[in-house]
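The values are calculated or read from the model by the stated rules, or taken from the named source; none is laboratory data. It should be emphasised that the depicted structure is a prediction, and the values quoted were computed from it without experimental measurement. Positions of Cβ are generated from backbone atoms using ideal geometry, with glycine treated the same way; all protein chains shown enter the neighbour counts. Accessible surface areas use protein heavy atoms only, side chains included; no ligands, DNA or RNA. Shrake-Rupley method; radii C 1.70, N 1.55, O 1.52, S 1.80 Å.
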Amino acid sequence: MGTRYIDLPLGNAGVVDVQADAVTAQTTPVAVDSIRFPERLSVANALRVRQSQVEMTRGSGTGTVELMMLIDGYPMANWTVRVEDGTAVDVTPTETFVPGMMRREDYEQNADREPIPREEWEAMQITMQQLPEAQQPTLAEDLPSGFFDGSDYSVSEETLGIIYRGMQQAISNREFNAAVAARAEGDVSGTLQLDPLTVKFFDSGQRIMGGLE
């Protein structure tokens, strides 16, 4: 079973202004048709972001930035970027599963889907609730209404499956809309850039790994 990491360049889509004690966001189309993918349809199962992929320009202050990403309106991940004296010095988590990936230890038995980690889910909810309405990213139409409105940590298996299939379709299309939101805590300000986004793919055995379930 082949596994590989592929860097998807985000360019301007990964750039977002950071304002002290504020939330900002932007949505930008991304085309990855120039990237060489495996011959078989790839299955994207994890996202990786390391400190070297996050940069602050014109940065100032010390604190943290909660960086949320949606792809085609589906919530993918939230990273915490630590900033010291205007420089991004750390990012966590370095790797996170694409929500909804099937967790299979025994492929002949029923399996649960990978949830959105609690800390990421709570950070996403706060970010969405604090964003000015005009800047809030548009959620995918097949997500439940009020997806970010509740306070409980609860995303159903059905909804996780919708999110996972949305990510696979975005990769299949070789283009997608990337919504990036930044929520600064502390006196941090500047411009934050995430580039590239590293995606972990399975390039063989799609059926047993879940494929476009």
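Data overview
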read-out: Residue check for Ile163: modelled with pLDDT under 95, within 17 Å of Tyr74 (Cβ to Cβ) and open to solvent by less than 10 Å² (accessible area, probe 1.4 Å); value: no
read-out: Residues located in region 5-26, provided they are farther than 20 Å from Leu70 by Cβ and in contact with an Asp or Glu (Cβ under 6 Å, 6 or more places away or on another chain); value: Ala20
read-out: Conditions (1) among the small types (Gly, Ala, Ser); (2) open to solvent by 70 Å² or more (accessible area, probe 1.4 Å); (3) at pLDDT below 95: number failed by Ser52; value: (3)
read-out: Among (1) open to solvent by 30 Å² or more (accessible area, probe 1.4 Å); (2) closer than 20 Å to Val18 by Cα; (3) at pLDDT 95 or above - the single one Thr94 does not satisfy; value: (2)
read-out: Yes/no for Arg174 being more than 14 Å from the chain's Cα centre (by Cα), in contact (Cβ under 8 Å) with a residue 60 or more places away in the chain and over 25 Å from Gly61 (Cβ atoms); value: yes
read-out: Single residue of region 66-82 satisfying the filter (out of contact with any Gly (no Cβ under 9 Å at 6 or more places or on another chain) and closer than 17 Å to Asp187 by Cβ) that is least open to solvent (accessible area, probe 1.4 Å); value: Val81
read-out: Residue, most open to solvent (accessible area, probe 1.4 Å), within region 176-191, restricted to residues that are modelled with pLDDT of 95 or more and either of a type in the set (Ser, Thr, Tyr) or more than 19 Å from Glu120 (Cα to Cα) (or both); value: Asn177
read-out: Residue that is nearest to the chain's Cα centre (by Cα) [pool: residues in region 133-160 that are modelled with pLDDT of 90 or more and closer than 20 Å to Ala22 by Cα]; value: Pro137
